[in-house]
Amino acid sequence: MSAFSPPLPVRIGLAGFGNVGQDLARRLCPGVIQEARLAAATARNLDRARANADQFKPAPEIVPLAELPALADIVVECATAESFPEIARTVLTAGKYLIAVSAGGVPNCPEMIELARAHGGRVRIASGAMPGLDIIRCAAEGGIRSVHLRSHIKPDSMTHERYVLDRGHDFMARPPTEPVKVFEGTAGEAAAAFPRHFNVAVSLSLAGVGFDRTTVEIWVDPAIGGAVHHVEVEGEDIALTLESRNRPSPNPRTSRIVAPSIIAAIRALVAPVTVGS
């Protein structure tokens, strides 16, 4: 039996109430998960969040971040990589369960594991955009020799990235007509170069062999509708070739699969039967 067993229905708190947070509210408020309910949310602009919350029935309580853990059993971080450290410290110090979306912020909170252990909190990284994390975690238990990620990203998702602009790629003024490699290095370097955008490299590293041993290529590709992530794993017990093709999203910085991945993560914590290692 899991150590996580609060009274049902489990109270969900949202740390972030932008596009992803409101998408989650639209799913949770009608009761998509019988064992969970949306209780509260926080955001940088509380007045705007309260106005947005009025469209949901029942509306979540809007509170400052410091007050959120007391109102929730599970806190979903759906903000930004920049906000992740503050959210993680607040939630884990309170001994609560954190489901994180902005995996790119994990390297900026190096004390995360120690905080969770010291206070009885837990962290789950929700990453629907990355294929096969379950089997990669299994492979890591037997030993992995190499992990390589090649991602193809739409040009408009990279147009304003400082790392790309600093290397002379102006995709707004000069739209590419064929794939252009904009990065090659380790996952740690990818997370540092694209802290707001490239959560998949962090999620893959955490599931597998770490930031320094996971290699990454990033291509800007005008021929795709949504991000394509291709993973090659060579392990002692299994070799893997995995690929995901994300559907286009109205928000170029967010994949459509993000909210469903969070719902799946919540369901895995509270449903009577779950599938996966």
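The values are calculated or read from the model by the stated rules, or taken from the named source; none is laboratory data. What you see is a predicted model; the values in this text were computed from it and never measured. In this analysis, Cβ positions are derived from the backbone assuming ideal geometry, glycine residues included, and neighbour counts consider all displayed protein chains. Note: areas computed on protein heavy atoms with side chains; ligands, DNA, RNA excluded. Shrake-Rupley method; radii C 1.70, N 1.55, O 1.52, S 1.80 Å.
Its relative contact order, with pairs defined as Cα atoms under 8 Å and 6+ residues apart, puts the chain at 18 percent. Note on the chain: the alpha carbon radius of gyration divided by the globular reference 2.2 N^0.38 Å gives 1.01.
The average projected area of region 165-277, computed from the convex hull of its Cα atoms over all directions, is 9.0 nm². Annotation: the antiparallel percentage among DSSP beta bridges lying fully within the chain is about 45. Using a cutoff of 8 angstrom between alpha carbon atoms and counting only pairs six or more residues apart, the relative contact order for region 2-119 works out to 25 percent. Charges were assigned to the Cβ only: +1 to each Lys and Arg, -1 to each Asp and Glu. The resulting dipole of the chain about its Cα centre is roughly 780 debye. Peptide packing: for 59-65, 159-165, the average count of neighbouring Cβ atoms within 10 Å per residue gives the ranking 59-65, 159-165, highest mean first. The listed peptides 35-47, 66-78, 133-145, ordered by packing as a protection proxy, come out as 66-78, 35-47, 133-145 (highest mean of other Cβ atoms within 10 Å first). Quick one: check the C-alpha center-to-center distance for region 112-165 versus region 73-96, whole angstrom. The two parts, judged by their Cα centres, are 17 Å apart. Amide H to amide H distances under 5 Å link Leu14 with Ala40, Ala41, Thr42, Val76, where only residues 5 or more positions off or on other chains count and H is placed in the peptide plane. When Rg and the Kirkwood Rh are both derived from Cα coordinates, the Rg/Rh ratio for region 109-221 amounts to 1.03. Put simply, when 267-275, 198-206 are sorted by average Cβ atoms within 10 angstrom per residue, most first, you get 198-206, 267-275. Hydrophobic, long helices, defined as DSSP H runs whose alpha-carbon span along the helix axis is 15 Å or greater and whose mean Kyte-Doolittle value is at least 1.0, occur in the chain at 258-270. Shown for region 1-84 is the translational diffusion coefficient from the Stokes-Einstein equation, using the Kirkwood radius over Cα pairs, a temperature of 4 °C and a viscosity of 1.567 mPa s: 101 µm²/s. Heavy atoms of the protein chains alone define the surface here; on that basis region 106-234 has 47 Å² accessible area per residue at 1.4 Å probe size.
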